[in-house]
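To keep things clear, I will list the structure first and then write my remarks on it.
The values are calculated or read from the model by the stated rules, or taken from the named source; none is laboratory data. Not measured: the values here are computed from a predicted model. A quick note on method: Cβ atoms are made from the backbone with ideal geometry, for glycine too, and the neighbour counts reach across all protein chains shown. These accessible areas exclude ligands, DNA and RNA; they are computed on the full protein's heavy atoms, side chains included. Shrake-Rupley method; radii C 1.70, N 1.55, O 1.52, S 1.80 Å.
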Amino acid sequence: MRRLTSAAVLVLAIGCSKPAPPPTPPVGPAEEQIAAESLVQHLKVLASDEFEGRAPATPGGEKTADYLAKQLSALGVEPGAPDGTYLQQVPIVESVVERNFVLSVPGNTYKYFTDVVAFSGVEKPRVQVQGDVVFVGYGINAPELKWNDYEGANVRGRWVMIMVNDPPAPVDEPTLFAGNALTYYGRWTYKFEEAARQGAAGALLIHTDQSATYPWQVVQSSWSGTQYSLPPQAGEPALGIKGWITDAAAKDLAQRGGRNLDTMRAAASKRGFKAIALSTRAAATLMQRSARKTAANVIGVIKGTNPAQGVIYSAHWDHFGIRDAQPGDAKDADRIFNGAYDNASGTAAVLEIAKAFVKAPQRPARSIYFAFVTAEESGLLGSAFLAANPPLPIDQVVANINIDGVNYLGSTTDMVQLGAERSSLGPMVEAILKERNRTLTGDTHPERGYFFRSDHFSFAKLGVPAISLSEPKQFTGANAAELLKKQEAYNDKDYHQPGDQYDASWDFTGGVNDMRVLAQLGWRIAQQADQPKYHAGDQFAEVRKK
Ligand SMILES: [Zn+2]
C-alpha cells in the first residue's frame, strides 16, 4: 500500500468519493447445487431391482411415480399437474391382435406375420375394413412445400397403400424434404395420422429394407404382440386397421389391381403425382383383446413472476419392466430392465435441475415445469398426453428441454442436442457453451430421424420449440478413444437390455456440466422477452402460427 503511485492514490480517492454500488447477487439457477453425488443417489434408487424395471402400470412403475412426487415435494417444488396435484394419470390402451388376421383380395390372401402385420386405431374387439384400394405414393400433405399426394383422391372409407420415408429431393430442388435428412413426413407415424385425417378406413405401409431402414423382422417384432396407445380422443379421426405389408405382397396386390408397383412408385417420387385407384378391393377382419391401464406423469412447477407462460423440462421415467423367462435362460439370468442410463439418469438429472431452481436467489420470470413422463418406451404416450393436456395452454409453453440419457463417461468439450438446428434454442445453448469453452453439435445423423423418437417430439409436433440431449463425442483426457468405444459397446450390448445397470465406475463430471448448461438455458428462456421460435421453413414453424 505504501508503494502506491500518486496516480493510484488519485484513483482510490475518486473511488472513495463515489462509492461503487453493492455487488449484484448472482442471478440465475444455483448451478453449484447440481452434483454427481446426489444425481447418483437418485439414479441408484430408480435403477435398483426393487423398482422392477419401471414399467408403466406395474408396482415398480407406481413406486417410481411415488418416489418422484416425494422428491419434488421434499425439494419444495409445487405440484404442477393440471389438477393441482403432482400426478397426471395417463390412460393407456393395451391391445393384442389375434394372429388369425388375413388380408384378402379377390384371388389371394396375405397372411399375418409372413405378409402383413396389422393393429388397430380403435378400441373395439372386432374391426372390419373392406373397400377399394388407393395407392397414395408417399401419403404426404405438406402445404408449405406445395406437395399433396391426396389431392383430388377419394379415400374416404377405403384402403390406402403408402410408401414410407420422404420423396427423394429432385436435382432442381435439392432441399425439398430437407434433402438427405428425414422429415416428419417420412415417419411411419405421420403416414397413419395423415391417412386418418383424410378419412381412410385402413392404411398399409409398404415395407422395403431401404425405405424403412430396417428389415421385415423388425416390423414383425415391433408391431405384433402387445401394443400400447392412448385412447383416441372424441372427434379425432382414427384408422380401423393400420398395417405394414411386405414389398412382395404389395407388388402382388398392385398387380391384381391392374398396376405395376414399381411404375407407380417412380411416378410418386415426382411433383404432380396423382393418387391411383386400383381396380381391386381388399377386406380384413381384425380381432383383438384390449384393456385399459393407467400410469402417471409426475409434474412439479416453480411458479414464475409471469406464471402465464412456462418452460417444461422433461425426462421419461419408464422402462421395460421385467422380461419373461425364456427357455434356455440360466437359472439366475438377470431379467430386470433396470434402465440406469435410459432413463434413470435423465430422471435424476431433472431432479437436480429442479434443485438448482429451488435454491436460486430469485424466482424466474416464466414458470419452470419439471415433467417426469411415462410410457415413452411404448410410443411417447405420457408426453403426448401431457402435450395434449398441458398445465398451461400449449401456445404458452415456450420451450421444452428433454433429457433422455446423461453422459456417464467423463467430461467432454462438445454437447449434442437433437433439434438445435431447428429453432432459436440452438444459438441460445451454443452461447452458453461458448462461455464455458465448449461447443455445440446438432443431430449427427439427421437421416435416422432421432428427433422424432423421444418425448421432446410430442411438444415439437404441437409447435413448441424443443431440444433433446444426445450422446457427446469429444471426450477430454488421454483415454478419449477408449471412452468412445465404451459408448459404442453400451449401444451394441446394453441399450434396451437388462445390462443397462448402474456401475460404480460411472463418471458424471461431464453429465453434471451438461445439467448446469441446461439449467442456465431454462433460466435464460424464462427471462428473455421473446419466446424461442422455430426457424422459418422448419416443419414445426407453421404449427404455432396457426
Ligand atoms: Zn429413453
Requested in this report: Rank-order 407-414, 325-332 by packing density, defined as the average count of other C-beta atoms within 10 Å over each peptide's residues, highest first.
Outcome: 407-414, 325-332
Query raised in the report: Given a 1.4 Å probe and the protein chains all in place, what does the accessible area of Trp159 round to, in Å² to the nearest 10?
Result: 0
Report task. Looking at the chain, send over the antiparallel percent of its DSSP beta bridges, to the nearest 5. Result -> 60
Query raised in the report: How large is the Kirkwood hydrodynamic radius of the range 281-362, in angstrom, based on all distinct alpha carbon pairs?
Result: 17.6
Requested in this report: Give the whole-number value, in cubic angstrom per residue, of the convex hull volume spanned by the C-alpha atoms of the range 317-372.
Outcome: 74
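Which whole-number percent is the relative contact order of the range 428-546 (Cα, under 8 Å, 6+ apart)?
Values: 53 pairs, mean separation 40.0, N = 119.
Value for the range 428-546: 34 percent.
For the range 134-241, run through the trypsin sites (Lys or Arg not before Pro) and keep only the ones in DSSP coil with at most 14 other Cβ atoms within 10 Å of their Cβ.
Passing both the DSSP loop test and the Cβ count: Lys146, Arg156.
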Report summary line: Restricting to Cα pairs under 8 Å and 6 or more apart, the percent relative contact order of the chain works out to 21
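On the accessible surface of the chain, probed at 1.4 Å, how many percent belong to carbon and sulfur atoms?
Details: 12820 of 24330 Å².
Carbon and sulfur atoms account for 53 percent of the accessible area of the chain.
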Requested in this report: State the volume of the convex hull built on the alpha-carbon positions of the chain, expressed per residue in Å³ and rounded to an integer.
Outcome: 196
Requested in this report: Determine how large the accessible area of Tyr228 is when every protein chain is in place; take a 1.4 Å probe and give Å² rounded to the nearest 10.
Outcome: 100
Requested in this report: Project the alpha carbons of the range 406-546 onto their principal axes and report the range along each, largest first, in whole Å.
Outcome: 48, 33, 22
**Report entry** For the range 33-38, 3J(HN,Hα) per residue [Karplus equation, 6.51 cos²θ - 1.76 cosθ + 1.60, θ = phi - 60°, Hz, x = Gly/Pro]
**Finding:** 5, 6, 9, 5, 4, 6
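Whole number please: convex hull volume per residue of the Cα set in the range 143-296, in Å³?
Working: hull volume 23.8 nm³, N = 154.
So the per-residue Cα hull volume is 154 Å³.
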Report task. For the range 28-123, just say rounded, prolate or oblate: build the C-alpha gyration tensor, square-root its eigenvalues into a ≥ b ≥ c, call rounded for a/c under 1.5, and beyond that prolate if a/b exceeds b/c, oblate if not. Result -> prolate
Query - Under-5 Å amide H pairs with His319, H placed in peptide plane, nonlocal only - result: Ala55
Requested in this report: Report the semi-axes of the equivalent ellipsoid for the range 432-488 in whole Å, largest first, where each axis is √(5λ) for an eigenvalue λ of the Cα gyration tensor.
Outcome: 27, 16, 8
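When only the heavy atoms of the protein chains count and the probe is 1.4 Å, how do Asp172, Asp334, Asp342 rank by accessible area, highest first?
Numbers: Asp172 130, Asp334 65, Asp342 10 Å².
The ordering from most to least exposed comes out as Asp172, Asp334, Asp342.
Which order do the peptides 301-314, 343-356 come out in when sorted by mean C-beta neighbours inside 10 angstrom, highest first? Walk me through the numbers on the way to the answer.
Values: 301-314: 20.4, 343-356: 27.1.
Taking the mean over residues of other Cβ atoms within 10 Å, the ranking is 343-356, 301-314.
Would you kindly work out the equivalent ellipsoid of the range 491-546 from its C-alpha gyration tensor and give its semi-axes, the square roots of five times the eigenvalues, largest first in whole Å? Provide the component values of the computation, followed by the final result.
Values: eigenvalues 250, 82, 12 Å².
For the range 491-546, the semi-axes come out at 35, 20, 8 Å.
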Report task. Could you work out how far the C-alpha centroid of the range 82-138 sits from that of the range 475-546, in angstrom? Result -> 34
**Report entry** Cα centroid of the range 364-386 to Cα centroid of the range 240-257, whole Å
**Finding:** 37
Query raised in the report: Can you pull the accessible area of Thr213 for me, 1.4 Å probe, Å² to the nearest 10?
Result: 90
